[in-house]
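One structure below.
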Amino acid sequence: MIHDPNKVYIFDTTLRDGEQVPGCQLDTNQKIVIAKSLEQLGVDVIEAGFPISSPGDFQSVVELSKVIKNTTICALTRAIKGDIDVAVDSLKHAKYPRIHTGIGSSDMHIKYKFNSTREKILERAVDAVKYAKQFVEDIEFYAEDAGRADNEFLAQMIEAVITAGATVVNIPDTNGYCMPEQYGSKILYLKENVKNIDQAIISVHCHNDLGLATANSMAGVLNGARQIECTINGIGERAGNTALEEVAMILKTHSLGLHTAINSKQLTEISGMVSRMMHMPVQPNKAIIGKNAFAHSSGIHQDGFLKHRENYEIINPEDVGLNSADIILTARSGRHALKHHLERLDYDIDKINIDDIYERFLVLADEKKDISDDDLLFLMSNGETESYKNGYKLNLLHVVCGDEDKPTASIKLQYNGEEHEAKAEGNGPVDATVNAIMSIIGKDIKLKEFAIQAMHAGSDDVSKVNMKVEFEGKAYVGYGFSTDIVKASANAYLDAINKFL
């Protein structure tokens, strides 16, 4: 077989090994949706199921074989002719079919699982590969529990199945037992001691019982393996399998002279899809696709990141399908992070009393775990302190309105150390307040948009008011918060004006 020696083939078993997790079962339609996304992602092989295990699994392999045209579809079997017959039948529509058959290779499995001998197990392995080869050209053989197998016997088994027709030989660390150096040495031993190893691709299939699945997979690749068996989000039996997104980004990030066909920009989207469909939340600190993987909350880290992204990021968020990294505001955040978010919300830092805002920010951050955009807007527009250098601040607002009264607003604004008063009427309390503010400012300011939103619920709720104004051809948005809608409107109007005056 001719293969690119520098390509690492990605064998995805989300729909087989991943689906064996309790509560993660999928119907055929869901499997089709995920399989199509895996094909677009660029995986080389999709292990579609274990056809002999159930009618549903059989049908899923059949239907996936019909719709997937650019990726190999693989069906799992034991080293049993009946299993292989059913797998062959399930793959009859596949453009690129593969049968994945195998048997235990460790003395523990040989004795306690099969109650057999090395000689008999070796014979069964060879017979299974020869039988499957009559129907399908692409045959992968798995030596179950290879991680604990005797290397000399394992090499004998691998050489025999390649002679029998195996095109891929899978060396699973079935129980997640191996250390990376130990597993890497096992792969190297096979490379150096199996005479016909150049006629097949060595595949690694690692489990995460000790948290070493990704490390072991990479150790295998660095010692000659050229296929990694993995799952989206690292799902799988017990502690899970090697995470596809982790090995793909390791190979993309490090200059190892190796590559995959994975389009990494789709990783975040497919991760979310699998998580939702399988009802398996992704832990926030999960590498690559966890919600905190590109979030920075430490003040020191935030400062370094904002000065130069690569100070604290080795992967560009856009490379995995995220728009940008998150600077999470907490009580540990510094002024640099606060300035970053205020600028993102269109505030001119040169016009802001950042020391005043930062002190009030710390008080609020001590009360809340995370600070949202609305929290920042509240800090900037509640009118309690002078958020702006030389900006307008609302000192007093008195409104009269009702069935018998023409809406009238009396206000006092502080500006540049001086207080200004005004009184105006309008067609409603907000209109009267805006007219009073306008009579003090004396500028040609046009109100373009006005929106009120309740923050939570109830008649006593805090209202958030958004106002967009236009001045000299440019638009500015202001925000105001208060249990009094009119006061919130006044603060929103002043917030917009302070952004350009």
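The values are calculated or read from the model by the stated rules, or taken from the named source; none is laboratory data. These numbers were taken from a predicted model, which means no experiment stands behind them. Note: ideal-geometry Cβ built from the backbone for every residue, glycine included; neighbour counts use all protein chains shown. Areas reflect the complete protein model, heavy atoms only, side chains present, ligands, DNA and RNA absent. Shrake-Rupley method; radii C 1.70, N 1.55, O 1.52, S 1.80 Å.
A cut-off under 11 angstrom between Cβ atoms defines the neighbours of D209, and their net charge, with Lys, Arg +1 and Asp, Glu -1, is -1.
Think of each Lys and Arg Cβ as +1 and each Asp and Glu Cβ as -1; about the Cα centre, that makes the dipole of the chain roughly 1220 debye.
So, with a 1.4 angstrom probe, what is the percent of accessible area on the chain that is carbon and sulfur? Carbon plus sulfur share of accessible area: 47 percent. Report for the chain the percent antiparallel among DSSP-assigned beta bridges with both residues inside it, nearest 5. Antiparallel bridges: around 50 percent, rounded to the nearest 5. Under a model in which nothing but the beta-carbon of Lys, Arg (+1) and Asp, Glu (-1) is charged, the stretch 9-278 shows a dipole of about 340 debye around its Cα centre. Between E421 and D484, take the C-beta separation as r, use R0 = 25 Å, and let me know the FRET efficiency to the nearest 0.05. The computed FRET efficiency comes out at 0.80.
Descending by average beta-carbon neighbour count within 10 Å, the peptides 94-104, 413-423, 279-289 line up as 94-104, 279-289, 413-423, the highest first.
A 1.4 Å probe run over the protein chains yields, for the chain, 46 Å² of accessible area per residue, whole-number rounding. Each Cα pair under 8 Å and six or more residues apart adds its sequence gap; the mean of these over the residue count of the chain is a relative contact order of 9 percent.
In this structure, the pairs whose alpha-carbon distance is over 29 Å, taken from K66/K111; K36/K133; K412/K474; K393/K474, are K66/K111.
Note on the stretch 1-106: dipole from Cβ charges, positive end direction compared against V43, Q25, V67; the farthest Cα belongs to V67. Highest mean packing first, where packing is the average number of other Cβ atoms within 10 Å per residue, the peptides 216-229, 13-26 line up as 216-229, 13-26.
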